[in-house]
Amino acid sequence: MGKIRNKIIDKVSKSVVGRKTSKKQLSLSIVSLILALLILISATYCWYALAKGTGTAKNLNLTAGNGLRVNDLGDTSKKFKDDSFLLPASSVDGRNLFFPSDGTDFSSETSKMTFRSANAGDRNYDYVQLDFNLTAEANYTGIYLDKSTSLKIEVPSNASEDYKEAAAKAEKALRTAIYYEGMDKPVVFTSQMNPCSVDAVKEIDRTTGRFLESSKQVAVPFKDYSYGKNQLAMLNQGETRPFSLIIWLEGTDANCTSANVMLKQLVLNLKFTTSWDNTVEIHFEDTEGAAVKNLLEEHPEYSLVLNYNSKAHNITDLKFTMQKVSAESDNKTWKCNLPDNAYNDLTFQILNGADNNAVVYEWSKTTSGGSTLNRGTATTYYVDSLNGTDSRGHWHDGDIEDHGEGHDSGIVDDDDW
């Protein structure tokens, strides 16, 4: 690291003894990660040097909520060294990190610098990487980030205005990437409310460290992957997937400057939520006497399901089993729960379990031949006829119905009759 730098390290280390970190117990899929971000002021633009000092990286908790569980992290938190800090690096997507080479070649122009690839010694020391497994306990477990997810620099209440301003700028240079094996590419996040992009280091000469190529890094707000927006992943029951969480300080960001102050606490509050945290109860009602009820009782090998397809979520023929609502006085109603963002391509079916679950009855049309694949805001489906795979029915959402024409009075295309 060099004799001069080591002297600086020793001096800074002595100046930061006795710092404290707060302790929080967080619920439902929260990762709480606190570590020290120690920055040595320098005069370069975009890139600057860091000094090592005594810091902490404790209170790491990762739990999971509805339909999702996480592996036991055990002693994972101990892997974060007591003197962890973030050294300016650059990466297009968090998988290949490049650090400026130690020396005097820091420059305001990335293309004139030399770099080295991140190695095992940098992990959880100069950048953060947390690996964990998520396992689904139910089908169609869509994984999202809760809207409370954030990456912040904690500022003391008595901090000066200059300190607060510098911390706010430094936050803009922070990056978080989430990745799992098989993903098209990692998702890079910014702690800001709007997307940002920089020309990050893509490749270097692995022998000399000379800069070779840059590429656009696009970082999006955490809220862009909240429920109802983009989905991080979709797991079915029993499926386990390894995830990696990576945090680094992007050196090519214009906010990564000497304006950053010496001692800051970096606090990551990462909360996963799932499609099973946001469900709706669907009812299937037999309005044709007790035809469906009698059919199912006569054929115990039959089962009533709601079949769901979604190209956007890479779902094909995902079947939700309908359970009889015994509290109903006529005992002709069935129900199931499904994610409330499942609006399209929904078909009720009766399957013959004795014949490899062949479809023997199916409801996908109104009596006038209109489609009932899209439920709109409706949660109740009425049976209008029982006629094999051409059985008819309609969604009902409580509005005035229009005599089988496929929509409500004054409302277009909500698939009621």
| query | Rg (Å, one decimal) plus Dmax (Å, integer) for the alpha carbons of the stretch 197-252? | reply | 16.7, 49
| remark: With all protein chains in place and a 1.4 Å probe, residue 206 shows an accessible area in Å² (nearest 10) of 140 Å²
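Going highest first, how would you order 371-378, 267-274, 389-396 by mean Cβ packing within 10 Å?
Values: 371-378: 17.6, 267-274: 22.5, 389-396: 19.8.
Per-residue Cβ counts within 10 Å, averaged per peptide and sorted highest first, yield 267-274, 389-396, 371-378.
Checking the table 172/202; 147/365; 185/365; 185/335; 164/223 against a 28 Å threshold on Cα-Cα, which pairs fail? Don't jump to the answer; show the numbers that get you there.
Numbers: 172/202 20 Å; 147/365 38 Å; 185/365 40 Å; 185/335 38 Å; 164/223 24 Å.
In this structure, 147/365; 185/365; 185/335 exceed 28 Å between Cα atoms.
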| In nm, what is the difference between 0.36 nm times the number of residues separating residue 368 and residue 147 and their Cα-Cα distance? | 75.3 nm
| request: State, to one decimal in nm, how far the label point of residue 163 lies from the label point of residue 326, with both points 7 Å from Cα in the Cβ direction. | output: 6.3 nm
| field | Heavy-atom accessible area order for 275, 385, largest first, 1.4 Å probe | value | 385, 275
| task | Among the listed pairs 112/152; 152/216; 152/271; 229/271, give every one whose C-alpha distance is greater than 21 Å. | result | 112/152; 152/216
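The values are calculated or read from the model by the stated rules, or taken from the named source; none is laboratory data. Note that the structure is predicted; figures quoted are calculated from it, not measured. Because the Cβ atoms are built from the backbone with ideal geometry, glycine has one as well, and the counts that use them run over all protein chains shown. Remember, those area values only see protein heavy atoms, side chains included, never the ligands or the DNA or RNA. Shrake-Rupley method; radii C 1.70, N 1.55, O 1.52, S 1.80 Å.
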